[in-house]
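Written below as structure tokens is the structure these notes are about.
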Amino acid sequence: DTEVTQTPKHLVMGMTNKKSLKCEQHMGHRAMYWYKQKAKKPPELMFVYSYEKLSINESVPSRFSPECPNSSLLNLHLHALQPEDSALYLCASSQDGGRARANEQYFGPGTRLTVT
Amino acid sequence: AQKITQTQPGMFVQEKEAVTLDCTYDTSDQSYGLFWYKQPSSGEMIFLIYQGSYDEQNATEGRYSLNFQKARKSANLVISASQLGDSAMYFCAMREAETSGSRLTFGEGTQLTVNP
């Protein structure tokens, strides 16, 4: 089973709303990732959790707040977003956050976020 | 400087023919990994194939093979016997040994269209 699930699939929110994106994997992976992807561009890394600890924050604005309640779950809390934050948000997981052979990342289907 | 370069924004191929998608990379590390991902219009990033810098053999996975030329720093993806379902965006990515965790650097992508 190489499935990463994400909810919701689509989200429309106003600039004053608070919402959360959820990601789940049951592959026993110990590293999880959030990416932001604009149309026709490559994914941009936002956060990495390794063994449930935040290991990489790519200088993401504080209106994005990640949370890793356990090794299978990853949340992204959204507050006071801007229209330019509209994008596809992808979650991924890998065996661990180190430099093991391959350590390929498996991605979820993404959440298409629109900020109005 | 671009670390991953994909020079073909768009490629077209006839069904059942082979196609090569180009990828060149730039790194001073001796140990690194190269990945190819496929992204259909649905949005999910699908892991296709991995090549480690110390691997002597070119990686193959079914209809996908990676033409790895280390001295030229290229890692081209070859898709044999193209199918209509291969139409998608393809991203080349690299993980360098010196970066922490499993940060991937993606190229800009190549949009492949398979014609019937």
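The values are calculated or read from the model by the stated rules, or taken from the named source; none is laboratory data. All values derive from a computational prediction rather than experimental measurement. FYI the Cβ positions are ideal-geometry reconstructions off the backbone, even for glycines, and counts take in every protein chain you see. All accessible areas refer to the heavy atoms of the entire protein, side chains included, with ligands and DNA or RNA removed. Shrake-Rupley method; radii C 1.70, N 1.55, O 1.52, S 1.80 Å.
Just a few scattered comments:
- For region B:22-67, the solvent-accessible area of protein heavy atoms averages 46 Å² per residue (probe radius 1.4 Å; ligands and nucleic acids excluded).
- Within region A:60-116, trypsin sites (Lys or Arg not before Pro) in DSSP loop having at most 15 other beta-carbon neighbours inside 10 Å: A:63, A:101
- The antiparallel fraction among DSSP beta bridges confined to the protein assembly as shown stands at about 90%.
- Buried between B and A is an accessible area of approximately 2000 Å², summed over both sides with a 1.4 Å probe.
- Split the accessible area of chain B by element, probe 1.4 Å, and carbon with sulfur accounts for 47%.
- Taking B:62, B:33, B:52 in turn, the Gaussian network model of chain B (Cα-Cα springs below 10 Å) assigns the largest fluctuation to B:62.
- FRET E, pair residue B:18, residue B:55, Förster distance 25 Å, beta-carbon r, rounded to 0.05: 0.70
- Only Cα pairs under 8 Å and 6+ residues apart enter the sum, and on that basis the relative contact order of chain A stands at 37 percent.
- By the Cβ-Cβ criterion of under 4.7 Å, the unpaired cysteines of the protein assembly as shown are A:68.
- Applying the Karplus relation 6.51 cos²θ - 1.76 cosθ + 1.60 with θ = phi - 60° to region A:32-41 yields 3J(HN,Hα) values of 9, 9, 10, 10, 10, 9, 8, 4, 6, 10 Hz, where x marks Gly and Pro.
- Accessible surface of chain A, 1.4 Å probe, proportion on carbon and sulfur as whole %: 49 percent
- Cross-link reach is defined here as a Cα-Cα straight distance under 27 Å, omitting same-chain residues fewer than 8 places apart; for residue A:9 the lysines meeting it are A:18, A:19, A:22, A:36, A:38, A:40, A:41, A:53, B:38.
- Measure of compaction for the protein assembly as shown (Cα Rg per 2.2 N^0.38 Å): 1.01
- Summarising the label geometry, the points placed 7 Å from Cα in the beta-carbon direction at residue B:29 and residue A:10 lie 3.9 nm from one another.
- DSSP beta bridge pairing in chain B, given as percent antiparallel to the nearest 5: 85 percent
- Distribution of pairwise C-alpha distances over region B:1-61, 10 Å bins, in %: 16, 44, 33, 7
- The relative contact order of region B:1-94 comes to 36 percent, based on Cα pairs under 8 Å that sit 6 or more residues apart.
- Residues in region B:28-61 occluded by at least 10 Å² - accessible area, probe radius 1.4 Å, against chain by itself: B:35, B:37, B:39, B:41, B:42, B:43, B:44, B:45, B:47, B:50, B:55
- Averaging the Cα positions of each part gives two centres, and for region B:18-48 and region A:12-80 these lie 22 Å apart.
- Qualifying GluC sites (Glu not before Pro) in region A:48-88, where qualification requires a DSSP coil assignment and no more than 13 other C-beta atoms within 10 Å, comprise A:58.
- Residues of region A:32-63 buried by at least 20 Å² on assembly (accessible area, 1.4 Å probe, chain alone as reference): A:35, A:37, A:40, A:41, A:42, A:43, A:45, A:56, A:58
- Low-density loop positions, chymotrypsin sites (Phe, Trp or Tyr not before Pro), region A:1-92 - DSSP coil, at most 16 other Cβ in 10 Å: A:51
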